[in-house]
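First the structure, in the form of structure tokens, and then the observations on it.
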Amino acid sequence: MARAKQFQKRILGAAAAIVAVASPFGLTARADEATATALPAGATAQQQQRPRNVIFILVDDLRFDGLGFLQPGIKTPNIDRLAAGGSYFPNTRVTSSLCSPSRATILTGMTARNHGVVDNNNSSEEGLTFFPKYLQAQGYQTAFLGKWHMGNDTADPRPGFDKWISFKGQGNYYPNSGISDEAFAKGMVHTLNVDGKVVPQKGYITDELTDYALNWLSKERDPKKPFFLYFSHKAVHSDPLPAPRHAHQYDNFQFKLPASAANTPENNRGKPRWVYDQRNTWHGIDFYYNSDMPMTDYLKHYYATLSSVDDSVGRIMQYLRKAGLEKDTLVVFTSDNGFQVGEHGLIDKRNAYEASVKVPLVMYEPGTVPAGVVNTGAIRNLDFAPTFLDLAGAAKPAQFEGKSAWPLINGKVAAKDWQAPDFTYEYYWEWTFPTTPGTFAIQRGNLKYIQYYGVYDIDELYDVAADPDEMHNLAEDPKYLADKIELRKALYEQLANSEGKHVIPYTQRQSIGAVRRNRNGTGAAPFPDEWLVEPNREDRLDPIINDSLAKRAAHDRGETFIPSPIIGQGSNSVEHGMKSLPKETRQ
């Protein structure tokens, strides 16, 4: 508990410092827990009823603490100003920590077990309704810009959006990323889908998307109607490549890894076997993305790439101020999932540990969202859709599973009085990344229980208030037996879908199972020899790409099917990307 209080005190102090030294929005603020106010100071009931614009900024794979006001040395001045003039929500989590399922949950207001987008492998969108369609019925103009990453790997426009700009799959930071100079000279270039028309990508992706956003805001939309802009960045997804102007921003900065990244008996104690086995894999700190680049170097690319997002936020806010829309527009900044940088020897996301499921969340609207507040009320990505419909005056559709957090956000309900539902987590095993097992978890209050599906391993229980780094597994502590039994039952009940069934048929866990082994017997089997390779191979993505005759033929010729150099090398570098940019934007 003492450590948690220290962490909270540090956040509060950081927010107060931001307000004191960086206040271009002309705001004053206080950094205490949100308190109840029926209306913002000076507002009338009529003003509170006005149609509200919303700009929803979604970053990809951003850590919960990956912002300047939370982590010394990180440079995000524009996002920091949002936090200083608005509210920061440190207890925000995603119900599935993976791109496609999380995005589907945000867009549909449903959990993965009900919307059916369970992994990144082209799950169907059939039968799904995305919440902006309900906003259109309320008279809103809606726009989607950026990464969609669902469906059949298509960038075609989706229903519910008046304006559409997207790209296939993960997209690319530069027009020529992964394209050889010879192919680029012959006209090969990455493309965007603009309102159903395929057009060439012309610039660095974060900057180009921001140009499109500002053009829509300033010239294309109907100024007489409220708007909802869903701005979905590619950044900072792997492999993160910064814009030329930020390429060397962190060259002299020394990033530190979490203490649990070290391979020690103390760190491994109480952890499942799969966690240790994953250290030396695509999602493990010892061989992440099959490279030997130190994570401390990777983070230089990661946070330099974030700087363009921060620039984008600054440009959006400058437009709102000049257009007189700052007090009429709710700005939301968050991420689709968290990102581990060595916690428990793991990197990336997918599992139920805090660094994987927690995401940053900042909201800003002067006169409506309390300023300079660290609001400890718990929010899930499942709650975004009902919140947006609530603030727009639209009824909550029957299929929505989340809870509107608007009363918490605007201060009408204090964080201490906020009745947050249980946080229930689901991750379904993917054949593309098989080292992370199916994972189900539930958090009620401060206790988080985690169990795994189809793997020969232990379950876990943590008090995340007393043990925020999840180092002390309480699952076999007799003092917590009743809690474990209660949470197991609640988890099983809550993972039933809308028809009362479980997506993968399984029964409720009621014990650890027959897991014992002869202490003097055989040990664990080694991994297959063909899985053991050297780092930094250009064919690192080939095992993930769907099998095909063409792929087999390339391998028979001794060739890589999809060349993918590690970050910073060859066609996966800023220097290569710069060749595809207009000369005036290469600095």
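The values are calculated or read from the model by the stated rules, or taken from the named source; none is laboratory data. From a predicted model like this one, the values you see are computed outputs, not experimental measurements. Virtual Cβ from ideal backbone geometry, glycine too; neighbours counted across all protein chains shown. These area figures cover heavy atoms from the full protein model, side chains too; ligands, DNA and RNA do not enter into them. Shrake-Rupley method; radii C 1.70, N 1.55, O 1.52, S 1.80 Å.
Rounded to the nearest 20 debye, the dipole magnitude of the chain is 1460 debye, with +1 charges on Lys and Arg beta carbons, -1 on Asp and Glu beta carbons, and the Cα centre as origin.
Could you tell me the relative contact order of the chain? Use alpha-carbon pairs under 8 Å, at least six residues apart, and round to a whole percent.
Working: 1173 pairs, mean separation 131.5, N = 587.
So the answer I get is 22 percent.
In this label model, Asn121 and Glu575 are separated by 3.8 nm, measuring between points 7 Å along each Cα→Cβ vector.
Please compare each pair in Lys147/Lys396; Lys168/Lys300; Lys133/Lys396; Lys168/Lys219; Lys75/Lys327 to a cut-off of 19 Å on the Cα-Cα distance and tell me which ones are over it.
Numbers: Lys147/Lys396 26 Å; Lys168/Lys300 27 Å; Lys133/Lys396 13 Å; Lys168/Lys219 26 Å; Lys75/Lys327 26 Å.
Result: Lys147/Lys396; Lys168/Lys300; Lys168/Lys219; Lys75/Lys327 exceed 19 Å.
For every other residue with a beta carbon closer than 14 angstrom to the beta carbon of Ile79, add +1 if it is Lys or Arg and -1 if Asp or Glu, then tell me the sum.
0
In a fully extended conformation the segment linking Asp156 and Asp477 would gain 110.3 nm over its present Cα-Cα distance, using 0.36 nm per residue. Using a cutoff of 8 angstrom between alpha carbon atoms and counting only pairs six or more residues apart, the relative contact order for region 270-343 works out to 22 percent. Taking the accessible area of the chain, probe 1.4 Å, and keeping the other protein chains in place, the carbon and sulfur fraction comes to 52%. For percent of Cα pairs over 34 Å apart, the value computed from the atomic coordinates appears in the list [x] 40; [y] 45; [z] 54 under label [x].
Treating only the Cβ atoms of Lys and Arg (+1) and Asp and Glu (-1) as charged, compute the dipole magnitude of region 455-564 about its Cα centre; round to the nearest 20 debye. Let's see the in-between values first.
Values: 14 positive and 22 negative charges, 109 e Å.
In debye, rounded to 20, region 455-564 gives about 520.
The helix-based estimate of mean residue ellipticity at 222 nm for the chain, built from -39,500 (n - 2.57) per DSSP H run of four or more residues and divided by its residue count, is -7000 deg cm²/dmol to the nearest 500.
Using a ≥ b ≥ c from the Cα gyration tensor of region 420-536 (square roots of the eigenvalues), is it rounded, prolate or oblate, where a/c under 1.5 gives rounded and otherwise the larger of a/b and b/c decides, a/b for prolate? Note, shape of region 420-536 comes out prolate. Only one residue of His233, Trp429, Tyr212 has its Cα farthest out toward the positive end of the dipole of the chain, where Lys and Arg carry +1 and Asp and Glu -1 on Cβ, and that residue is Tyr212. By definition, a body whose alpha carbon gyration tensor gives a ≥ b ≥ c is oblate when a/c is 1.5 or more and a/b is not larger than b/c, and region 88-150 fits this oblate description.
Which whole-number percentage describes the relative contact order of region 362-498, with Cα contacts under 8 Å and a sequence gap of 6 or more? The partial results should precede the final answer.
Values: 166 pairs, mean separation 19.7, N = 137.
Contact order relative to length: 14 percent.
By how many nm would the segment from Lys256 to Gln399 lengthen if fully extended, with 0.36 nm per residue of separation less the alpha-carbon distance? Don't jump to the answer; show the numbers that get you there.
On the way: separation 143, 0.36 × 143 = 51.48 nm, distance 4.35 nm.
Additional length available on full extension: 47.1 nm.
Going by the alpha-carbon gyration tensor, a ≥ b ≥ c the square roots of its eigenvalues, is region 389-477 rounded (a/c under 1.5) or, if a/c is not under 1.5, prolate (a/b greater than b/c) versus oblate?
Details: a/c = 3.35, a/b = 1.56, b/c = 2.15.
Because a/c hits 1.5 or more and a/b fails to exceed b/c, region 389-477 counts as oblate.
The aspartates and glutamates whose alpha-carbon is closer than 13 Å to the alpha-carbon of Lys479, local same-chain residues fewer than 8 away aside, are Asp463.
Looking at region 49-202, what % of its DSSP beta bridges pair antiparallel, to the nearest 5? Don't jump to the answer; show the numbers that get you there.
Working: 6 of 11 bridges.
Rounded to the nearest five, the antiparallel share is 55 percent.
Bridges between two residues of the chain, per DSSP, are antiparallel at a rate of about 55%. Taking all protein chains into account, the per residue accessible area for the chain stands at 43 Å² (1.4 Å probe).
Which FRET efficiency, nearest 0.05, do Gln138 and Gln170 yield, Cβ-Cβ r, R0 41 Å? Numbers along the way, then the final one.
On the way: r = 32 Å, r/R0 = 0.79.
After rounding, the FRET efficiency stands at 0.80.
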